[in-house]
Amino acid sequence: VHLDYLENGADIITTASYQATIQGFKEKGFSDKEGENMLRRSVEIACEARDLYYERCAACSSGDKTDGRILKKRTILIAASVGSYGAYLADGSEYR
């Protein structure tokens with residue numbers, strides 16, 4: 001999905017980690033270390049998509065649309081997707 005966003009012109013992609021917390025992972029039986037690794041992996045996946053996008057840009061240096069894709073070397077930012085702590089509580093407090 002990250003790569004699709006980049007090829008359609010996005011300059012920023014977010015990790016697939018919304019509302020993921022170490023505490024939440026622990027409640028599902030994962031260790032602190034496993035939770036940290038899963039959060040870290042969400043960043044790595046986004047970085048891999050960015051790197052693949054850059055490889056495709058290098059292969060097609062025209063900077064124009066190719067097969068409907070936008071392949072133009074530009075700075076790509078990666079943002080961590082984090083939910084509110086209230087959402088973790090699952091008591092509706094993020095809406096108060």
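The values are calculated or read from the model by the stated rules, or taken from the named source; none is laboratory data. On a predicted model such as this, the values are computed, not experimentally measured, just so you know. All Cβ positions, even for glycine, are placed from backbone atoms using ideal geometry, and neighbour counts span all protein chains on display.
Assess whether Ser31 counts as being at pLDDT 90 or above, loosely packed, with under 14 Cβ neighbours inside 10 Å and of a type in the set (S, T, N, Q). Can you show your working first?
On the way: at pLDDT 90 or above: yes; loosely packed, with under 14 Cβ neighbours inside 10 Å: yes; of a type in the set (S, T, N, Q): yes.
The answer is yes for Ser31.
Filtering region 43-80 to residues that are loosely packed, with under 12 Cβ neighbours inside 10 Å and at pLDDT below 85 leaves Ser61, Ser62, Asp64, Asp67, Gly68.
Quick test of your reading of the structure: Gly83 fulfils all but one of (1) surrounded by 12 or more Cβ atoms within 10 Å (Cβ to Cβ); (2) under 19 Å from the mean Cα position of the chain (by Cα); (3) modelled with pLDDT of 85 or more. Name the failing condition by number. Going through (1) surrounded by 12 or more Cβ atoms within 10 Å (Cβ to Cβ); (2) under 19 Å from the mean Cα position of the chain (by Cα); (3) modelled with pLDDT of 85 or more one by one, Gly83 breaks only (3).
This table checks each residue for (1) in a helix (DSSP H, G or I); (2) touching a Pro at 6+ places or on another chain (Cβ under 6 Å); (3) free of Cβ contacts under 8 Å to residues at least 24 places away in the same chain.
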{"site": "Leu3", "(1), (2), (3)": "yes, no, no"}
{"site": "Ile13", "(1), (2), (3)": "no, no, no"}
{"site": "Gln23", "(1), (2), (3)": "yes, no, no"}
{"site": "Gly29", "(1), (2), (3)": "no, no, yes"}
{"site": "Asn37", "(1), (2), (3)": "yes, no, yes"}
{"site": "Ile45", "(1), (2), (3)": "yes, no, no"}
{"site": "Leu52", "(1), (2), (3)": "yes, no, no"}
{"site": "Ser81", "(1), (2), (3)": "no, no, no"}
